[in-house]
Amino acid sequence: MEKELKVNGLTFVPYITEDEISRQVKRVAGELRDSLTDPDPILLCVLNGAFMFAADLVRELGLNDAKINFVRYSSYSGTSSTGNVKEIIGLTEDIKDRDVVIIEDIVDTGLTAQHMIEDLTKKGPKSIRFATLLHKPESSKTGFVPDHIAFSIPPKFIIGYGLDLDGKVRNLKDIYVIKEED
Ligand code: 5GP
């Protein structure tokens, strides 16, 4: 693990190691497996940030009958008074009466998660569970609390293990946090 990392002129320092991530992903997988009632849930990996977490989580889950979908949001300015509306794209499975698990990289304000759950609920799933790699509870604007959380962190900007800065550094095995000014 590098001591310091410079990305786009910003300095980042090590925060969560690959080993610690691996331990918590195993824990979350176990908890998630115990909470699911059906052996064949639909797993929704939210691109781009969750790709690495999802890859590790689904391997730990070991549910061969689960179908894995990769979804994204498209944001557009709608005519509604709320302004930005997010729509899920890439969902190819019919989720009616099915157990759905959303796999997300990070819940910050909770607005994205809330939009997604509202959107999916309209499609009539049996249940929706929400698993996230990271949660910033102090940033919440919605009160939304994910069902499964690998790490709760303070409201600081982090990168690595799928999370980017301007599209870069998603490849990092460890998680880094932005360095505080001295
Ligand atoms: P929310 O709707 O919960 O405010 O935002 C969630 C999205 O914001 C995440 O999916 C992610 O794309 C982005 N985000 C929030 N915090 C961070 C962070 O610390 N680092 C990175 N790389 N992205 C973040």
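The values are calculated or read from the model by the stated rules, or taken from the named source; none is laboratory data. Being a predicted model, the structure only gives us computed values, none of them experimental. Note that we place each Cβ from the backbone using ideal geometry, even for glycine, and neighbour counts take in every protein chain shown. Surface areas here come from the heavy atoms of the whole protein model, side chains and all, with no ligands, DNA or RNA. Shrake-Rupley method; radii C 1.70, N 1.55, O 1.52, S 1.80 Å.
Quick one: count up the residues across the stretch 83-142 that are within 13 Å of the ligand (Cβ to nearest atom), among the polar types (S, T, N, Q) and touching a residue at least 12 places away in the same chain (Cβ under 8 Å).
Result for the stretch 83-142: 7.
Identify the residue in the stretch 123-182 that is crowded, with 21+ Cβ neighbours inside 10 Å and of a type in the set (Gly, Ala, Ser) and, among all such residues, is farthest from the chain's Cα centre (by Cα).
Here the residue is Gly160.
Would you be able to tell me the number of residues in the stretch 28-46 that are open to solvent by 50 Å² or more (accessible area, probe 1.4 Å) and in contact with a helix residue (DSSP H, G or I) (Cβ under 9 Å, 6 or more places away or on another chain)?
Here is the first cut: in the stretch 28-46, the ones open to solvent by 50 Å² or more (accessible area, probe 1.4 Å) are 31, 33-34, 37, 39-40.
Remaining after also requiring in contact with a helix residue (DSSP H, G or I) (Cβ under 9 Å, 6 or more places away or on another chain): 33.
Result for the stretch 28-46: 1.
Conditions first: (1) more than 15 Å from Lys6 (Cβ to Cβ); (2) touching a Phe, Trp or Tyr at 6+ places or on another chain (Cβ under 6 Å); (3) more than 9 Å from the ligand (Cβ to nearest atom). Tyr176 passes all but one, so which condition is the exception?
(1)
Which residues, counting only those in the stretch 41-56, are away from the ligand (no atom under 16 Å from the Cβ) and either touching a residue at least 40 places away in the same chain (Cβ under 8 Å) or β-branched (Val, Ile, Thr) (or both)? Give the derivation first.
Filtering the stretch 41-56 down to residues away from the ligand (no atom under 16 Å from the Cβ) leaves 41-43, 55-56.
Once the filter is applied, which keeps residues that are away from the ligand (no atom under 16 Å from the Cβ) and either touching a residue at least 40 places away in the same chain (Cβ under 8 Å) or β-branched (Val, Ile, Thr) (or both), the stretch 41-56 yields Pro41, Ile42, Leu43.
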